[in-house]
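Handing you a structure now.
Since every read-out is calculated from the coordinates, none of them should be taken as a lab result. Just so it is clear, the structure is predicted and the values come from calculations on it, not from any experiment. Note that we place each Cβ from the backbone using ideal geometry, even for glycine, and neighbour counts take in every protein chain shown.
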Amino acid sequence: RADVEPDDVLTMLLGVFFAAPAGNTPERTGRLLDLIVDALRP
């Protein structure tokens, strides 16, 4: 998407990893990353 800055993407990715609880599962991480990818699609 043309309206998204690289820093915005980095902030989203960092949010997934820093805001997730310590017991986060790989499946949940995958779902969160899927949401990010979907949000970036035009």
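Classify the chain as rounded, prolate or oblate, taking a ≥ b ≥ c as the square roots of the eigenvalues of its Cα gyration tensor: rounded when a/c is under 1.5, otherwise prolate if a/b is larger than b/c and oblate if not.
Oblate, because a/c is 1.5 or more while a/b does not exceed b/c.
Turning to a different aspect of this structure: What angle, in degrees between 0 and 90 and rounded to the nearest 10, separates the Cα long axis of helix 26-40 from the longest principal axis of the Cα atoms of the chain?
It is inclined by approximately 10 degrees.
Relative to the Cα centre, what is the charge dipole magnitude of the chain, using +1 at the beta carbon of each Lys and Arg, -1 at the beta carbon of each Asp and Glu, and rounding to the nearest 20 debye?
That gives a dipole near 180 debye.
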